[in-house]
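Read through the structure below, which is laid out as structure tokens, and then see the notes.
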Amino acid sequence: MTQLDTLAQDKFNRDLADLEQPEVYKLLLDLIAKKVDQMPLFSGKKKIYYFSAEFLIGKLLSNNLLNLGIYDQVKAELDQAGFNIEEIEDEENEPSLGNGGLGRLAACFIDSIASLGLPGDGVGLNYHFGLFQQYFEDNQQQYRPDTWLDQENFLKKSDKHFQVPFKDFTLTSSLYDIAVLGYQQDKHNRLRLFDLDTVDSSIIEDGSISFDKTDIEKNLTLFLYPDDSDADGEKLRIYQQYFMVSNGAQLLIQEAIERGSNIHDLADYAVVQINDTHPTLIIPELIRLLTTDHGLDFMEAVKITSQMVAFTNHTILAEALETWPMNYLESVSPEIADIIRKLDSIIKESYPNQASVQIIDENDTAHMASIAIHFGFSTNGVSQLHTDILKQSTLKDFYELYPDEFHGLTNGITFRRWLMDANPELSALLDRVIGEEWRQDSDLSELMNYQEDDQVLSEFSQVKHANKEALAHFLQDHQGVSINTDSIVDVQVKRIHEYKRQQMLALYIIHKYHDIKAGNKPETPITIIFGGKAAPAYTIAQDIIHLILSLSELIANDPEVSDYLQVVFVENYNVTAARYLFTAADISEQISLASKEASGTGNMKFMVNGAVTLMTLDGANVEIADRVGQDNVYIFGKEAQEIVRLYDEEDYVARDYYEQAAIKPLVDFIVSDELLAIGNSERLNRLHQDMINKDYFMALIDLEEFIAIKEKMYADYQDEKAWRKKGLINTAQAGFFSSDRVINEYNDQIWHVQVDD
Ligand code: KOT
């Protein structure tokens, strides 16, 4: 009798084959829980605490089975009983605990920390409705709360509680844990998510995502702030951040004492990595706890804290830099505000004439990044280019004060999820061609020896085609759209933001639409796919979604064009959908305005799955191009230095570009009779005006080059073998972008934690 059959009989007194799908799902949860119960925690003197407001972990069922090394066996048992493991995974809701790149990076990092055998937990919040679910109505983005907690899941309520003192009340937290299983490890780490038992979903206005913002006890962990690379200045956010870090700080001190710390040596027991500035209040909170609860004097507490906290910056966008008015902080926690004022005095005394490095500015507003840099021991950027820009411009004055504390650590992705789990066909092909070592060391470079091998290239093509079929099924089930699996699959998936320039790809679509109508039919049909959410407060981003959806409808209903060009916008893009898109893509769109995308990590997920990147020299794209060489990527557009100069000298005038003969008709088509007949005039007119008069992220500056290079790419695709060779070289060179490499670098340069083996 199989493992699952035995469990089924214990639990239901029936055979596996007689169960319903939800029961099988529960059985698998039980099986995994049993295995986890037998696995001790990773341990050691010093432990990593990765603090993040977001952990975009994705569904865990198959990932956990894979990490436990029982995926194939379980799949076979299920097959035998007539179940399909992918259908069973439909029973699991995707945890809704992140916005985009920053949250997904945290998920990849905790996977790698465990897979490398390091003791280290993630610390965050358990948002009951997480990020909103996106759906489309009248070609516009709409919102519904994500009820992800409704289904049985991997969260386990612990018996830990802490008291968090706010100005007017004290809240008692509850701690939930999710086991983080490293790849083929016999110990595990945890994701620690704090919550409040008093949160009350009945305060949400029916079916919407609006709620009473004042009643903290009822609303604190209801929702995740829906901003990506943006900061929303509401007070509830400070409550959330302080709740997260106060709990996390109390937890880490408690655990350190249990392991033998005498408090004075706390920095030998714990290192805290903060994922951007959202957890910065851990600095004053640690100082508060060390002085008030543990009797240290202020300067000793400051010194210990400064040896414990390391800061990662994820963006140079000014609108994303967190600043809090001191009166907000005072109304949330006067003690914390008071400590921040003391830290500010230290800096004002040390650097009296340097406005740019102060903590509190002339408007009595606190700059969270300043606190993190002055009172942490490490600041890092997330790609080489991003780190250079931090050192040379955004954080130049800080870099001059602390040159040795700056690090550049290019982001990475976990191959467990983004290759093994997402693309079992490609993984099996890799096993056959280069052996299975890559599953341990992420080294795929041996594949370079097969770039001229017809057999391998043809199998590579077959895998891509099978993944296009899987994507087609997903889109059919998910939103009733059918796509041509023999078309070129060209994908841009990421949050909707002007700097990422989805609007530039929309202008290309307008160009292509007219070109096809003029009789220039593509040899191979083209499917352009978008996915991503826009923040509810970000009007222009929603206008861009509206433009793309309206174009999609126009093209689908035009028989002259629809056989050659299709535009799809995936509804509610998330980790679950991402898997199908990264593995099916021929073309990866990484077209941000140079200097603005700190790293990007989607670029790496496409690359490892053999897509060819269309890129500006931004973020980690630069390093992708360095590794695969000029023949295997398509580069266009102005470079970062030039863009930084244009901003410094306010030297970009959108209208000058708009007036050009090749550009004007494309922009003006946004408000053409054809599109206005489909779309909303207010949205289309606003976007049109914005592009002509502002275009703050310079979609027009690179448009002509973009159109030219896209045409070249589609033409090059016609040589199937040459195209797949490019894809194969991309996969072969992707090893560097494994998050295992990144975590080893963090540990060598910043954390210095011992592997537990
Ligand atoms: C959000 C709010 C405030 C500050 C920063 C952010 C932020 C940055 N959210 N996501 N990012 C992205 O982080 C990724 C991981 O490092 C990068 O790859 C990506 O370029 C950032 O935009």
Less than 12 Å Cβ to Cβ from Met420, Lys/Arg counted +1 and Asp/Glu -1: what total charge do the surrounding residues give? -2
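Please sort 105-117, 619-631, 208-220 by packing, taking for each peptide the average over its residues of neighbouring beta carbons within 10 angstrom, highest first. Please report the intermediate quantities before stating the final value.
Details: 105-117: 25.5, 619-631: 19.4, 208-220: 16.2.
Ranked by mean Cβ neighbours within 10 Å, highest first: 105-117, 619-631, 208-220.
Which of the three applies to the chain, rounded, prolate or oblate, going by the alpha-carbon gyration tensor with a ≥ b ≥ c and a/c under 1.5 meaning rounded? Could the numbers behind the result be given before it?
On the way: a/c = 1.56, a/b = 1.18, b/c = 1.31.
Oblate, since a/c reaches 1.5 and b/c is not below a/b.
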Positive minus negative residues near Gln151 (Lys, Arg vs Asp, Glu; Cβ under 9 Å): -4
What residues have an amide H closer than 5 Å to that of Thr613, excluding those fewer than 5 places away on the same chain, when H is modeled at 1.01 Å from N in the peptide plane? Ser588, Tyr634
Can you find, among Phe669, Leu155, His367, the residue farthest towards the positive end of the dipole of the chain? Put +1 on the C-beta of Lys and Arg, -1 on that of Asp and Glu. His367
Which one, Thr315, Ile257, Leu286, is farthest towards the positive end of the dipole of segment 255-343 when Lys and Arg carry +1 and Asp and Glu -1 on their Cβ? Thr315
Report the extension gain between Glu711 and Asp364 in nm, rounded to one decimal, defined as 0.36 nm multiplied by the number of residues separating them, less their alpha carbon distance. 119.7 nm
Please turn the phi angles of segment 290-303 into ³J(HN,Hα) values with the Karplus equation 6.51 cos²θ - 1.76 cosθ + 1.60 (θ = phi - 60°), one per residue in order, whole Hz, x for glycine and proline. 5, 7, 5, 8, 10, x, 6, 7, 4, 5, 5, 4, 5, 5
For Asn353 and Gln307 in one chain, what is 0.36 nm times their gap in residues minus the Cα-Cα distance, to one decimal in nm? 14.0 nm
3J(HN,Hα) from dihedral phi, segment 608-620, Karplus parametrisation 6.51/-1.76/1.60, rounded to Hz, x for glycine, proline: 5, 8, x, 7, 9, 8, 9, 9, 8, 7, 10, x, 6
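So which of Lys468/Lys533; Lys605/Lys726; Lys500/Lys521; Lys521/Lys721 end up more than 20 Å apart, counting from Cα to Cα? Spell out each step's value before the answer.
Numbers: Lys468/Lys533 23 Å; Lys605/Lys726 16 Å; Lys500/Lys521 28 Å; Lys521/Lys721 22 Å.
Flagged as over cut-off: Lys468/Lys533; Lys500/Lys521; Lys521/Lys721.
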Compute the whole-percent fraction of alpha carbon pairs in segment 602-757 spaced more than 23 Å apart. 57
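Going through the cross-link list Lys11/Lys59; Lys59/Lys156; Lys11/Lys34; Lys46/Lys396, which pairs have a Cα-Cα distance over 20 Å in this structure? Could the numbers behind the result be given before it?
Values: Lys11/Lys59 24 Å; Lys59/Lys156 15 Å; Lys11/Lys34 13 Å; Lys46/Lys396 32 Å.
Beyond 20 Å: Lys11/Lys59; Lys46/Lys396.
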Can you list the residues, at least 5 places off or on another chain, whose amide H is less than 5 Å from the amide H of Ser174, using H built in the peptide plane? Asp195, Leu196, Asp197
What is the Cα centroid distance between segment 715-744 and segment 153-206, reported in whole angstrom? 39
Per residue of segment 48-61, in order, report the coupling 6.51 cos²θ - 1.76 cosθ + 1.60 (Karplus, θ = phi - 60°) as ³J(HN,Hα) in whole Hz, putting x for Gly and Pro. 8, 10, 9, 8, 8, 5, 9, 9, 8, 7, x, 4, 10, 3
Likely footprinting exposure, His386, His688, fewest C-beta neighbours within 10 Å first: His688, His386
Looking only at lysines whose Cα falls under 23 Å of Lys517's and that sit 8 or more positions away or on another chain, we get Lys664, Lys710, Lys712
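Can you compute the charge dipole magnitude of segment 415-737 about its Cα centre, using +1 on each Lys and Arg Cβ and -1 on each Asp and Glu Cβ, nothing else charged? Give it in debye, rounded to the nearest 20.
Details: 31 positive and 53 negative charges, 139 e Å.
Magnitude of the dipole: close to 660 debye.
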Enumerate the amide H contacts of Phe569 below 5 Å, restricted to partners 5 or more residues apart or on another chain; note that Pro and chain-start residues carry no placed amide H. Phe530
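Would you please put 432-443, 565-576, 541-552 in order of how densely packed they are, using the mean number of other Cβ atoms within 10 angstrom per residue and starting with the highest? Walk me through the numbers on the way to the answer.
Numbers: 432-443: 15.1, 565-576: 21.2, 541-552: 24.1.
Ranked by mean Cβ neighbours within 10 Å, highest first: 541-552, 565-576, 432-443.
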Label point at Thr147 placed 7 Å out along Cα→Cβ; residues across segment 208-228 whose backbone nitrogen lies under 15 Å: 208-209
With unit charges on the beta carbons (Lys and Arg positive, Asp and Glu negative) and the dipole taken about the Cα centre of segment 576-653, which residue among Ala585, Val633, Ser595 sits farthest to the positive side? Ala585
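Hey, could you get me the Stokes-Einstein D for segment 415-737, Kirkwood radius over alpha-carbon pairs, 20 °C and 1.002 mPa s, rounded to whole µm² s⁻¹? Please report the intermediate quantities before stating the final value.
On the way: Rh = 20.1 Å.
Once the numbers are plugged in, D ends up at 107 µm²/s.
FYI, it's all coordinate maths here, none of it is from the lab. As the structure is a prediction and not an experimental result, all values here were calculated from the model. Virtual Cβ from ideal backbone geometry, glycine too; neighbours counted across all protein chains shown.
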